[in-house]
Every structure is written in structure tokens, then in C-alpha cells.
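To keep things clear, I will list the structure first and then write my remarks on it.
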Amino acid sequence: VGDLLMALRELSVQRELLWFRGHSRKDWTLVPSLARNPDHLGKETEIIKRFIQLAVPHLTGDAPRDDWEWIFLMQHHRVPTRLLDWTESPLAALWFVVSSSINAGYEAHDGAFWCLSPLSLNHEARFRGKLATECPGFGKDVVLDNWLPDRQDTGVAQKPVAATGPRTSPRMAAQLGNFTISDRGSGPIEDIGEGKHVWRFIIPVTAKPIIAEELRLLRFTELTLFPDLDRVATMTRELLS
């Protein structure tokens, strides 16, 4: 953890805004879940309609007001979308690299800690918010509507862009979450342009248990990122192990 903080301290001198993402395996690319199987991209609107049809009776609060809010709800419940989650917290990204609960089946692989300059990504896509120094926001900047599902059949591929979204759940708030949104025709984020907007640190498999222990000593746990009763129960059961 200390090595990572030193590296990020050097980077922060050069870049004003950084987002982070943790992968259990270093060979995973920065592709949203819906695009990991190209055959699924053409079923996007069908998936959204099906989710809305089945989800409405189970909503406990106000229903989503627009397509973006439905997509955020789908992402929250692990339905494949064109969104890719990022966090403003380097410790949160590092936890996702090394956590045994997330890494089941991938313990024997090196991980990757990704860093993204969202403003540089948007510059690469020739896209900006109202100011060059800020990211656009879903529900606030209508230009993001060009990435909505019903506008994906124009035949003109758009590059992925970085945007902020409403943190509508305790989990999103705890994880300091933001998003990139990809066009159906775009590839991995790291392959765009010269790739200067994104880079990664490799987390060797031998370092994973050490880092996990350091995060535990810092009291950075699963409950930190998933503040719900299920995680409370999990941590309580650990007393019996």
C-alpha cells in the first residue's frame, strides 16, 4: 500500500484528476461487461426492456425517471451494460485487486491496478463538459444522450467518454464511483489513440496476500465498500472461523 501511495503522489503532481479500477487479472482489458461478448451488444435494448418489465414490482423507492437511471440500476445489480465502473479511491481499487471474496478462482494470477485520467480520455474523444476542467454529468449534460441505447445504430462509432453519475445507493457513495460509457462500436479504452490517458501498475500474485493484510490493518474491509447487512453478517461469522 505504501509503494502505491508513493507512486500516486508522484503522478498527482502532473495530473489534477485521476480515477482508478482494480482487476483480479492483469490480462483483463478495459471493456464494459456488455461488450465482452460482441453478440450481446445487439441485444442491449431488449435487455433493458426485459429488466424494466421484471423490476417494476420489486422497486422499493421511486422508479427511475429516465433511461440513464434504469441503466445505473441495472449496473448496480450486475446486469451487463456499456458502463464501466471507476472509483476516486485508490484503496477501493486496490481492494478489488486483492480481495479473496472478489478473487475467487483468480488467486494464482497477477492483478492490475488501472489509473485513468478522465479529462485526457474525453480530450482523446474530442469531448468535453461545459468547462474543459470538468467531466460531464449524466442527467445534466444532454450531449451524453448520444451514448443512449436508442442512438447506437447510427453507423458512426464514438469513442468512450468519462462522466459522473448520481450516487443513488450507499454502495455507490461508499465506493466513490464514476463511469466511462462506451459506444457499441468502440474497443478497449486502453487501445484508444496513443493510450496516454490510461496506464496500470501490475500487482504480483505474491503481493496480493500482503496487500490484503495491510488493508485489513487499515480497517479497509468489504463492509467499507458494501455497507449493507449482508456484509455485516459476513464479518460477524468470521468470529467463528
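Tabulated data
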quantity	calculated
Search result, residues across segment 1-46 that are of a type in the set (A, V, I, L, M) and either open to solvent by less than 50 Å² (accessible area, probe 1.4 Å) or in a strand (DSSP E or B) (or both)	V1, L4, A7, L8, L11, L18, L30, V31, L34, A35, L41
Residue check, F127 over 15 Å from the mean Cα position of the chain (by Cα), farther than 14 Å from L83 by Cβ and among the hydrophobic types (A, V, I, L, M, F, W, C)	yes
Qualifying residue in segment 139-149 (condition: open to solvent by less than 60 Å² (accessible area, probe 1.4 Å) and of a type in the set (D, E))	yes
For E190: the one exception among (1) open to solvent by 60 Å² or more (accessible area, probe 1.4 Å); (2) touching a strand residue (DSSP E or B) at 6+ places or on another chain (Cβ under 6 Å); (3) of a type outside the set (A, V, I, L, M)	(1)
Among residues of segment 199-222, those that are buried (at least 16 other Cβ atoms within 10 Å of the Cβ), of a type in the set (A, V, I, L, M) and over 22 Å from W28 (Cβ atoms), counted	0
Single condition Q175 does not satisfy, out of (1) closer than 20 Å to D66 by Cα; (2) surrounded by 17 or more Cβ atoms within 10 Å (Cβ to Cβ)	(1)
All positions within segment 218-231 that are out of contact with any Lys or Arg (no Cβ under 6 Å at 6 or more places or on another chain), part of a helix (DSSP H, G or I) and under 16 Å from P90 (Cα atoms)	T224, L225
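Residues are listed down the side, and each one gets a yes or a no for (1) surrounded by 12 or more Cβ atoms within 10 Å (Cβ to Cβ); (2) part of a helix (DSSP H, G or I):
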| position | (1), (2) |
| --- | --- |
| R50 | yes, yes |
| V56 | no, yes |
| T60 | no, no |
| F72 | yes, yes |
| L84 | yes, no |
| L91 | yes, yes |
| G105 | no, no |
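The values are calculated or read from the model by the stated rules, or taken from the named source; none is laboratory data. No experiment lies behind these values; they were computed from the predicted model shown. Methodologically, a virtual Cβ is constructed for each residue, glycine included, from the backbone with ideal geometry; neighbour enumeration extends over all protein chains shown. Areas reflect the complete protein model, heavy atoms only, side chains present, ligands, DNA and RNA absent. Shrake-Rupley method; radii C 1.70, N 1.55, O 1.52, S 1.80 Å.
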